[in-house]
1. Checking GLU66 against (1) under 23 Å from ARG115 (Cβ atoms); (2) charged (D, E, K, R); (3) free of Cβ contacts under 8 Å to residues at least 12 places away in the same chain, only one condition comes out false. Which one?
2. Give just the number: which of (1) at pLDDT below 95; (2) of a type in the set (Ser, Thr, Tyr); (3) surrounded by 15 or more Cβ atoms within 10 Å (Cβ to Cβ) does SER2 not satisfy?
3. Here's a check for you: in the range 67-90, which residue that is of a type in the set (S, T, N, Q) and in a loop (DSSP other than H, G, I, E, B) is farthest from CYS57 (Cα to Cα)?
4. Given PHE15, PHE78, PHE93, PHE22, which one is within 21 Å of GLY113 (Cα to Cα) and touching a helix residue (DSSP H, G or I) at 6+ places or on another chain (Cβ under 9 Å)?
5. When the residues of the range 5-24 are narrowed to those that are within 20 Å of VAL55 (Cβ to Cβ) and of a type in the set (A, V, I, L, M), which ends up surrounded by the most Cβ atoms within 10 Å (Cβ to Cβ)?
6. Can you find even one residue in the range 25-32 that is among the charged types (D, E, K, R), at pLDDT 95 or above, under 25 Å from ASP3 (Cβ atoms) and surrounded by fewer than 17 Cβ atoms within 10 Å (Cβ to Cβ)?
7. Can you pull out the residues in the range 33-80 that are surrounded by 17 or more Cβ atoms within 10 Å (Cβ to Cβ) and small (Gly, Ala, Ser)?
8. When only residues in the range 31-87 that are within 12 Å of the chain's Cα centre (by Cα) and of a type in the set (Phe, Trp, Tyr) count, which is nearest to ASP19 (Cα to Cα)?
Amino acid sequence: MSDCVFCHVSTDRVFLTNDLAFAMWDGFPVTRLHALIVPHRHTPDYFSLTVEELVSCHELLHKVRERVRTDDPLVDGFNIGANLGESAGQTIFHCHIHLIPRRRGDVENPRGGVRHLIPGKGAY
């Protein structure tokens, strides 16, 4: 796609790659070292990935996790997520998976994690 930001990412933003996907730092990070795993092929969302692309993305998630933990030993947790569709908050319609490092104390009470996407639903 000619106007897709992930189809035309500058190579200096990419820090890991394999045959079917690449990793880059998020341009609007939630936490320091927030990364994105992006398939090379333009495809709209996680459910449109091939099995081979899923494996490639999975491999990069593990490699990025190790890189983040090496770069910042205070990281002791992660959130992994993907927005699929406009109602779920997707703004770039090229599949990308967020790996968000978490550190003890980065929020007052982390219980519920991604459940906090909808206000009032995180506490249980």
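The values are calculated or read from the model by the stated rules, or taken from the named source; none is laboratory data. Because the structure is predicted, anything quoted here is derived from the model rather than measured. Backbone-built Cβ (ideal geometry, glycine too); neighbour counts: all protein chains shown.
1. So GLU66 meets the others, but not (1).
2. With (1) at pLDDT below 95; (2) of a type in the set (Ser, Thr, Tyr); (3) surrounded by 15 or more Cβ atoms within 10 Å (Cβ to Cβ) applied to SER2, the lone miss is (3).
3. Here the residue is GLN90.
4. On the way: PHE15 fails: within 21 Å of GLY113 (Cα to Cα); PHE93 fails: within 21 Å of GLY113 (Cα to Cα); PHE22 fails: within 21 Å of GLY113 (Cα to Cα).
Answer to the selection: PHE78.
5. Filtering the range 5-24 for residues that are within 20 Å of VAL55 (Cβ to Cβ) and of a type in the set (A, V, I, L, M), the one surrounded by the most Cβ atoms within 10 Å (Cβ to Cβ) comes out as ALA21.
6. yes
7. Matches in the range 33-80: ALA35, SER56.
8. TYR46
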